[in-house]
Structures are given as structure tokens and as C-alpha cells.
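Here the structure comes first, spelled out in C-alpha cells, and everything after it is commentary.
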Amino acid sequence: MKNQSQNRRQFLAKTGKAGIALASMPLLTKIMPDATILGSSDFSQQALPYSYTALEPYIDAMTMEIHYTKHAATYAKNLADACVAEKVDTSNTSLSSLLNNISKYSPKMRNNAGGHFNHEMFWQLMKPAPATTPSGVLAEQINKTFGSLTDFQKAFGEAAKARFGSGWAWLLVKADGSLAVSSTPNQDNPLMDIAEVKGTPILGLDVWEHAYYLKYQNKRPDYINAWWNLVNWDFVQNKYQVAITQK
Ligand code: MN3
């Protein structure tokens with residue numbers, strides 16, 4: 001009898017915890033089980049750090065919802081499929097090391113590993129307005145490399161505007177620790193061994209039409225200018241610190 005009642009208490013404790021865990025799960029993960037089937041968080045879609053409306057008026061709620069639940073979720077799902085097909089052990093491989101060796105894999109892996117990495121970073125490097133500015137060593141390095149924050153934004157904006165078709169603009173830390181601006185086509189990024197300019201991305205802007213067309217239509221430059229109001233410079237600063245520490 002004692003054992004039975006202990007078992008019952010343990011059962012209740014366990015299911016009680018499970019109930020709480022389920023209740024506190026973000027709604028988005030609940031409706032997209034496919035995106036979370038992989039063990040390592042690097043490989044699965046994480047919850048958005050804010051609501052779909054949080055970035056308005058610069059990025060509208062419908063764009064955010066479609067971008068996150070359709071486009072980005074599909075990259076995560078296709079990445080999972082590619083990892084199974086190409087025998088990548090996701091419990092034992094980091095996404096960045098996969099990207100470093102992407103030339104050894106299929107175009108499907110390249111497009112979706114890049115797409116997943118890029119979007120996971122993109123959600124985090126934005127935050128609701130008001131706009132902030134970089135500080136500390138990152139601010140110093142931006143001034144040293146580009147002249148000023150405005151000059152950096154101009155160079156980055158040019159890279160974003162000049163990218164023909166779909167792609168990304170980047171601020172990255174190169175192997176020698178210096179900063180550079182680049183752009184990549186499609187879902188490529190500077191971590192890939194096939195990238196023209198290689199390094200660790202610390203800021204990236206999605207210039208695929210799906211990222212801005214509902215609100216800005218053909219006016220990509222207006223989207224780029226508005227986006228500076230959303231950059232989470234604390235996140236970029238942290239990425240920078242980690243990147244230069246690892247050099
Ligand atoms: Mn996108």
C-alpha cells in the first residue's frame with residue numbers, strides 16, 4: 001500500500017510538472033512540432049523573443065508571422081530532413097561547424113542550414129524600437145574601420161541594396177579579428193567555406209522580398225533604412241565579444 005501511494009504521488013508530481021511545462025511552452029512551438037524534432041537547439045526553431053506586432057511600424061505583424069511560421073519554419077524542417085538523409089548526427093555536430101564544411105553537402109543542406117542559421121540569428125538581433133546605438137569596444141572598432149556609425153550604416157546599406165535578387169547583408173568578424181561588410185546570395189552566410197568573405201557574422205539583414213514586400217513592395221531601400229530602428233546592439237556587441245575572444 002505504501003509503495004502504491006508513493007507511486008501515485010510520484011505519478012502526480014511528474015504529470016503535474018509535465019502539465020506546467022506544456023502550459024508554459026510558447027504557442028509557436030506547439031503548433032510546429034516538425035520544427036522541433038531535432039535534439040540540439042542549434043538545429044531547431046526557437047520561439048520568437050517578442051510578439052509578431054512588436055516590431056511595428058517598421059516590420060508589420062503579418063510579415064513577421066508569415067516569415068517566422070512559414071519561411072523560417074520550412075528551413076528548419078528541411079534542415080532536419082537533410083540531416084537525416086545525409087547522416088549528420090545533430091547531437092554531436094554544431095550548426096556552425098556544418099556551415100564551415102557546407103561544400104561537402106547537398107544544395108538542399110546548404111540552402112536550409114544557411115536559411116535556418118540566418119533566421120534564428122535575425123530574430124535575435126532585432127528588438128522593438130526605440131533605436132539604440134553600439135557602445136564600448138564594438139563602437140570603437142566600427143569607428144576605426146568605417147569612420148563612424150553613419151558611414152558603417154551607409155556601407156552596410158549599400159551591400160544590402162546591391163545584392164541582386166535574394167540574399168543577406170552582413171557585418172562580420174574576419175579571421176584576423178577585423179570587421180568587414182559583405183553580402184551573400186540566397187541563404188549563404190560568411191560561416192560557409194564557399195563564402196567570398198569568410199568570418200563570424202555578428203549582424204545580418206534579410207533582403208529577400210518575403211522579409212519586406214507586404215509593407216515596402218519594391219522599396220528595399222526604405223526597408224533597410226527603417227530596419228536600423230530595430231537593431232539590438234547589445235546582442236551584436238555580445239556576438240562581437242565572443243567572436244574576438246575565439247580568434
Ligand atoms: Mn527570410
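The values are calculated or read from the model by the stated rules, or taken from the named source; none is laboratory data. Since this is a predicted model, take the numbers as computed values, not measurements. Counting neighbours? That spans all protein chains shown, and the Cβs are built from the backbone with ideal geometry, glycine included. We work out accessible area using only protein heavy atoms, side chains counted, and drop any ligands, DNA or RNA first. Shrake-Rupley method; radii C 1.70, N 1.55, O 1.52, S 1.80 Å.
Laid out as a table, the results:
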| quantity | calculated |
| --- | --- |
| Space enclosed by the convex hull of the alpha-carbon atoms of the range 136-245, per residue, Å³ | 97 Å³ |
| Cα pair distances exceeding 14 angstrom across the range 52-111, given as percent | 63 percent |
| Residue 81/residue 60 FRET efficiency (R0 35 Å; Cβ-Cβ; nearest 0.05) | 0.70 |
| Gyration tensor verdict on the range 75-173 (Cα atoms; rounded if a/c is under 1.5, prolate if a/b is larger than b/c, oblate otherwise) | prolate |
| Largest-first ordering by accessible area, 1.4 Å probe, given options 84, 173, 242, 181 | 84, 242, 181, 173 |
| Per-residue HN-Hα couplings for the range 231-237 [Karplus 6.51, -1.76, 1.60; θ = phi - 60°; Hz; x = Gly/Pro] | 5, 8, 5, 5, 5, 4, 4 |
| Cα gyration tensor shape for the range 201-247, rounded if a/c is under 1.5, else prolate or oblate | prolate |
| Added length on full extension, which subtracts the Cα-Cα distance from 0.36 nm per residue, residue 137 to residue 158 | 5.1 nm |
